[in-house]
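The values are calculated or read from the model by the stated rules, or taken from the named source; none is laboratory data. Worth saying up front: this structure is predicted, and the values here are computed from it rather than measured. No Cβ is skipped: glycine too gets one built from the backbone with ideal geometry, and neighbour counts run over all protein chains shown. Ligands, DNA and RNA are stripped out before the accessible areas are found, and what is left, the full protein with its side chains, is counted by its heavy atoms. Shrake-Rupley method; radii C 1.70, N 1.55, O 1.52, S 1.80 Å.
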Amino acid sequence: MKRSKEMFFNLILMTVATLVMRFVAMAFNVYISGKIGAAGMGLYSLTMSVGTFGITLALSGINFASTRLCAAAIGHESNDEVGSVMQKCIVYALVFGLVSALGLFFLSEPISVKLLYDDRCTVLLKVFAVSLPFISLTSALAGYFSAVRRVIKSAFAAFFEQGVKIGLCVLLISMIAPKGTKYACLAVILGTSLSQIASFMLSLIQYLHDKSHHHFGNNKPIKNITSKLLAITVPISLGTYVRSGLVTVEHLIIPWGLRKFGASSVNALALYGTLQEMAIPIILFPQALVGSMAGLLVPELSERQARCEFDRIESIIARCMKFTLCFSFGVSGIMMMTANQLGICIYQSSVAGYFIACLAPLIPIMYLDHTVDGMLKGLGEQLYSMKVNVLDAFLSVICVFLLVPSFGIMGYVITIYVMEIINASFSILRLFKICNIKFKIFEWVVKPLFSVIASYFVLSLKNRLMPILNVSDNLRLAIDIIFAVFVYSALLRITKAIIGDDIKYLKSAIR
């Protein structure tokens, strides 16, 4: 019972922490976009398209490996093995972090000139490269905290990082942003890099204290830890390298394709920045409420699979999928109802609102795919997931190359739709195959879809019969969202799409 309460507390904590972090990040994103403009956001996105590949190389699967190996050691009640696992994971993270940092630092100039066609990115990539070893080490420590069910420590480190980042970026922007777009982006990247270093220092202190307090020593040598570590990280790393490389190519093609379509360089970066750095973060923001559940499912399903509790696994998966779909249909409907208001109130941009409306119908598939991916990893299917993601990235490059020059930014939107549907389909079919689960379309899709459509009509009727006068646009938006959430939640209960037992079950099932 104590373990059950602990796990449920971790679920709530991760959900709240992720939600708050995304809210703060989104608010900060709004501040940054206001300071550097859409073109500056485009330059930042262009730089980070390469920086993200550097992060992929630095991480090389270390977070998942440390979580899975530490969880397995805890399942075997071997404290010595936990300490030895982390010793190997830290060395692994340090090596790959340094290699990626040196590679990005010394190749930043040719990458900027020959691939990005913008020499302003050279100094930005060099500054970002310094943070890569610290990102890798922090990820390894976060995997440990997840495995030992003390996510409050990694959450605290994340909050600390975000606070330092905001403070430094605001200070640096006020100092050097007036010099131009490059310096504004430099202020953001420098502040981000320094905050990641600070986050690592705090995580390391917390780890050393936790390890000594819970007696996770590393004095006793444990056999085959390196081989177990590499057995997990090598296939994940190879897959992520290929996928991240393809994603980088995809994001380099988009501004090129927009220019081919007829947009100027400035407008191409502005459109790209509006979609990538404004609309998509809004679309993904509510995912925090189900994303933390997917994260906790990795160690949880791994332990239950080791104990051969297959009936329990299938029941957990079915409830989680049902909950994810009911939640995501509601988010999708509310965003479609309020897309233009969201774009204007948050970014003062009707273009951002337009992109939110374009992507909102895809939310149920996006959120479900993320949850299913966490389940597959927990069941040891990470290699399959990686193959699907590589295929996704490869097809995305082809679609972007063919569609963006012909259809402009809408070609990229079409690409997102096609790839999300393909990716989710492969992942869901694989999960159903290994777990013998049936997709209950009436319970999981029809009922929430009916509820969200009915919510739209109720909200429209309310606005016609009881118009809200003399209030700000922000307050009007908040009232509409709260009203829609209330109506949708009530309809879910009335249609019995979600019942009280579902919540109680998830609370007890996730340990």
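Laid out as a table, the results:
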| read-out | value |
| --- | --- |
| Shape call, the stretch 132-260: gyration tensor on alpha carbons, a/c limit 1.5 | oblate |
| Highest average packing first - 139-149, 456-466, Cβ atoms within 10 Å | 139-149, 456-466 |
| From phi via Karplus (6.51, -1.76, 1.60), per-residue ³J(HN,Hα) for the stretch 86-102 in Hz, x at Gly/Pro | 5, 4, 5, 5, 5, 4, 4, 5, 5, 4, 5, x, 5, 4, 5, 5, 5 |
| Solvent-accessible area per residue, Å², over the chain with all protein chains present [probe radius 1.4 Å] | 44 |
| Cα centroid separation, the stretch 447-494 to the stretch 378-424 (Å) | 34 |
| Shape of the stretch 220-289, Cα gyration tensor, a/c cut at 1.5 | oblate |
| Summed side-chain charge close to residue 396 - residues other than residue 396 whose Cβ falls under 13 Å, Lys, Arg +1, Asp, Glu -1 | -2 |
| Cα-based shape type of the stretch 308-450, given that a ≥ b ≥ c are square roots of the gyration tensor eigenvalues and the cut on a/c is 1.5 | oblate |
| Over 19 Å between alpha carbons, listed pairs 165/377; 387/440; 228/377; 35/114; 88/228 | 165/377; 387/440; 35/114 |
| Tail fraction, Cα-Cα pairs, the chain, threshold 39 Å, whole percent | 24 |
| Relative contact order for the chain, counting Cα pairs under 8 Å that sit 6 or more residues apart, in percent | 20 |
| At q = 0.08, 0.12, 0.18 Å⁻¹, base-10 log of I(q)/I(0) for the stretch 39-198 (Debye sum, equal scatterers on each alpha carbon) | -0.28, -0.58, -1.04 |
| Carbon/sulfur fraction of accessible area - the chain, other protein chains in place, 1.4 Å, % | 69 |
